[in-house]
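The values are calculated or read from the model by the stated rules, or taken from the named source; none is laboratory data. Nothing here was measured: the structure is a model prediction, and the numbers come from that model. A quick note on method: Cβ atoms are made from the backbone with ideal geometry, for glycine too, and the neighbour counts reach across all protein chains shown.
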Amino acid sequence: MDKKWWKEGVVYQVYPRSFKDSNNDGIGDICGVTEKLDYLKYLGVDIIWLSPIFKSPNDDNGYDISDYRDIMDEFGSMEDFKILLDTAHKKGFKLILDLVVNHTSDEHEWFKKSVKRIEPYTDYYIWRDVQNNWESHFSGTAWDYNEERGQYYLHLFTKKQPDLNWENPLVRQEVYDIMNFWFDIGIDGFRMDTVNMYSKVPGFPSMEKEGLSLATPYFLNGPRIHEYLHGMYVNSLCKYDVMSVGEAPQVDPEMALLYVGKDRQELNMIIHFDHMFADDPPEGAGKWERRPTDLNKVRDVFVKWQKGLAKDGWNCLYMSNHDQPRQASRFANDQYKNGATMLATMLHTLKGTPFIYQGEELGMKNAYFKNEWDYRDVETINSIAENKVKGIPFEALRENLGKYSRDNARTPMHWDNSMYMGFSQAPTWIGINENCRDINVEAQTADADSVLNYYKKLIALRKTHDVLIYGDFEEIELGEDLFCYTRTLNDKKAYILLNLACNQTKVTLPDTFDITAPCIISNCNITIKKEMNLPPYFATVLLSDG
Ligand code: TEU
Ligand code: CA
């Protein structure tokens, strides 16, 4: 058993802009996070991940960085950050930051100098005389013409996010220096943005197939990606006791082992997207036309990953973050109590490190914005504009954006039921989620049966029972709408039974499921029988001591 703190801890993702506003300008900030550390202590999480806090013109809410060694004006100062880090450490937390080095902001000094061909920055970005037909994640072509330089540059995201040229060893050295700078300040690791996009296929070939919206085969898991990540390991990560988790779309478990395998000397974990694609639109459909979510598909994805990383890897377990709709809405029909707690039970009892996204622990739902002016996210705004050009009005997108826009997860955290939900005392940078004002920390702390207190209990259980962390996973296949598995460590065995449906599901349990084992948590107070009807979104964990 290869024990590691980042395997045992539970991660809590803070989106600082929407967590807590300490100076009442309507924007969350670093001092706000420091103020709320005791809440995170109450919840019981161990590792805090802050979405980007660095200097940024905020074209993509901080995922466009103009200075990696300084703090965004709205969020506070370096002094504020050091106080946060120090206080967090004193309270026993680890703190990790977001490393965004596939691209910088176009307002970064490197880019400004690259435009002017000032050495050594001339080749820090990807400049070409002719563009290819790749498209940006955030609408339109992935190339922009820079008049001053007289060339096109590549941007996989917005045109204010030029891609760095990782082929240039000087760029790689800059990245190591940034990492070491923050490790020397004392942070405990990085979540690494778009970690499998650094290496592009040489020659930048155009896409062959018309209608392909992204040139993914040319920039995901590229030819030199493992060399680059190993470089980060050798020149930075291996020198500190830190955690590294890379965001990596379109990776299957086999490929994942190349990123996280024990002997690979690359990353600890990757954030894969397989279950996020479970409701992807059929080919040819518009970006926002998702299929209804099928939790059976999600289950199968999780099982595949549990098996795939069983021996030589470690899973990262999540169902929402700042890019995804609220999980209680997307995966549990807005059934905030049973639905949210069933999903939580799954994420905290599979093998891997659970990631909680702020507000998830309350069962927060989608904001379901209705108006064009409600939106702040550049992906959504660009997409609305692009559709208009094609003759598709906002009204035609209204419903789907309401369900799937990234802004669903970005509304302020609900601390209490006051006008601005205890997040701020001033009008907030993005609207309050009016769909769940009754869902807030104050109300749920007081209610023993709340989603919040269920999360608290789950997190505590993981700490008392090693089997929930290191135990081997084995599925007990029960068919449609059921998810059943065991976790085994020495003579201890946990039995997990979940109803994935929002209505009753009939179950017949095999002898391999020990119904006499004591229940350690459940979202419904019933006794398990060999044959029974499980209530909607039922979840239970039984534990036998051998
Ligand atoms: O996301 C990268 C990514 O591939 C997706 O999450 C994508 O943004 C999403 O599916 C679009 O709906 C990362 C960050 O998490 C995201 O917030 C940034 O916008 C993006 O990189 C660029 O830095
Ligand atoms: Ca503020």
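Couple of notes before you dig in:
- Number of the exception - Glu247 against (1) charged (D, E, K, R); (2) under 21 Å from Leu99 (Cβ atoms); (3) over 21 Å from the mean Cα position of the chain (by Cα): (3)
- Test: residue in region 464-480 that is crowded, with 16+ Cβ neighbours inside 10 Å, of a type in the set (Phe, Trp, Tyr), farther than 30 Å from Trp6 by Cβ and in contact (Cβ under 8 Å) with a residue 40 or more places away in the chain: no
- Residues located in region 301-350, provided they are assigned to a helix (DSSP H, G or I), closer than 29 Å to Val378 by Cβ and polar (S, T, N, Q): Gln327, Ser329
- Residue match in region 263-275 (condition: under 13 Å from Asn196 (Cβ atoms), over 20 Å from the mean Cα position of the chain (by Cα) and basic (Lys, Arg)): no
- Residue match in region 2-11 (condition: buried (at least 22 other Cβ atoms within 10 Å of the Cβ), of a type in the set (Phe, Trp, Tyr) and more than 16 Å from ligand 1 (Cβ to nearest atom)): yes
- When the test is whether a residue is in contact (Cβ under 8 Å) with a residue 12 or more places away in the chain and under 27 Å from Tyr39 (Cβ atoms), Ala460 passes it.
- Looking only at residues in region 313-352 that are among the basic types (Lys, Arg) and within 16 Å of ligand 1 (Cβ to nearest atom), the one that is nearest to Cys502 (Cα to Cα) is Arg330.
- Filtered residue count, region 504-513, keeping only those that are surrounded by 12 or more Cβ atoms within 10 Å (Cβ to Cβ) and in a loop (DSSP other than H, G, I, E, B): 3
- Once region 120-157 is narrowed to residues that are outside any strand (DSSP E or B) and among the polar types (S, T, N, Q), the residue that is nearest to Asp193 (Cα to Cα) is Ser136.
- Of all residues making up region 164-182, the number that are surrounded by 15 or more Cβ atoms within 10 Å (Cβ to Cβ) and farther than 16 Å from Tyr68 by Cβ: 3
- Some residue of region 121-138 being among the charged types (D, E, K, R), under 25 Å from the mean Cα position of the chain (by Cα) and surrounded by fewer than 22 Cβ atoms within 10 Å (Cβ to Cβ): yes
- Residue check for Asp80: assigned to a helix (DSSP H, G or I), over 29 Å from Ala446 (Cα atoms), away from ligand 1 (no atom under 16 Å from the Cβ) and modelled with pLDDT of 95 or more: yes
- Top-ranked residue in region 364-402 [being within 19 Å of Ser18 (Cβ to Cβ) and part of a helix (DSSP H, G or I); ranked as farthest from ligand 1 (Cβ to nearest atom)]: Trp373
- The set of residues in region 243-252 being free of Cβ contacts under 8 Å to residues at least 60 places away in the same chain and either within 22 Å of Glu8 (Cβ to Cβ) or of a type in the set (Asp, Glu) (or both) consists of Ser244, Gly246, Glu247, Asp252.
- Test result for Trp143, over 29 Å from Ser236 (Cβ atoms), within 16 Å of ligand 1 (Cβ to nearest atom), aromatic (Phe, Trp, Tyr) and out of contact with any Asp or Glu (no Cβ under 7 Å at 6 or more places or on another chain): no
- Matching option when the condition is in contact with a Gly (Cβ under 7 Å, 6 or more places away or on another chain) and touching a residue at least 60 places away in the same chain (Cβ under 8 Å), among Leu267, Leu214, Leu257: Leu267
- When region 520-540 is filtered for residues that are in a strand (DSSP E or B) and either over 15 Å from Lys337 (Cβ atoms) or in contact with a Ser or Thr (Cβ under 6 Å, 6 or more places away or on another chain) (or both), the ones remaining, listed by number, are Ile520, Ser522, Glu531, Met532, Asn533, Leu534, Ala539, Thr540.
- Residue in region 514-532 that is surrounded by the most Cβ atoms within 10 Å (Cβ to Cβ), counting only those that are touching a residue at least 40 places away in the same chain (Cβ under 8 Å) and among the aliphatic types (A, V, I, L, M): Ile521
- Matching residues, region 403-415, being among the hydrophobic types (A, V, I, L, M, F, W, C) and part of a helix (DSSP H, G or I): Ala409
- Within region 24-67, the residues that satisfy the criterion of being under 23 Å from Ile178 (Cβ atoms) and within 12 Å of ligand 2 (Cβ to nearest atom) are Asp29, Ile30, Val33.
- Residue within region 245-262 that is assigned to a helix (DSSP H, G or I), touching an Asp or Glu at 6+ places or on another chain (Cβ under 8 Å) and either modelled with pLDDT under 95 or of a type in the set (S, T, N, Q) (or both) present: yes
- In region 183-228, residue modelled with the lowest pLDDT [restricted to those that are farther than 22 Å from Asp67 by Cα and aliphatic (A, V, I, L, M)]: Leu212
- Which listed residue, of Lys113, Lys3, is in a loop (DSSP other than H, G, I, E, B) and either without any contact (Cβ under 8 Å) to a residue 24 or more places away in the chain or over 25 Å from Asp323 (Cβ atoms) (or both): Lys3
- Index of the failed condition, Phe219 passing every other in (1) crowded, with 18+ Cβ neighbours inside 10 Å; (2) in contact with a Lys or Arg (Cβ under 7 Å, 6 or more places away or on another chain); (3) free of Cβ contacts under 8 Å to residues at least 60 places away in the same chain: (3)
- Residue in region 152-161 that is of a type outside the set (Lys, Arg) and surrounded by fewer than 20 Cβ atoms within 10 Å (Cβ to Cβ) present: yes
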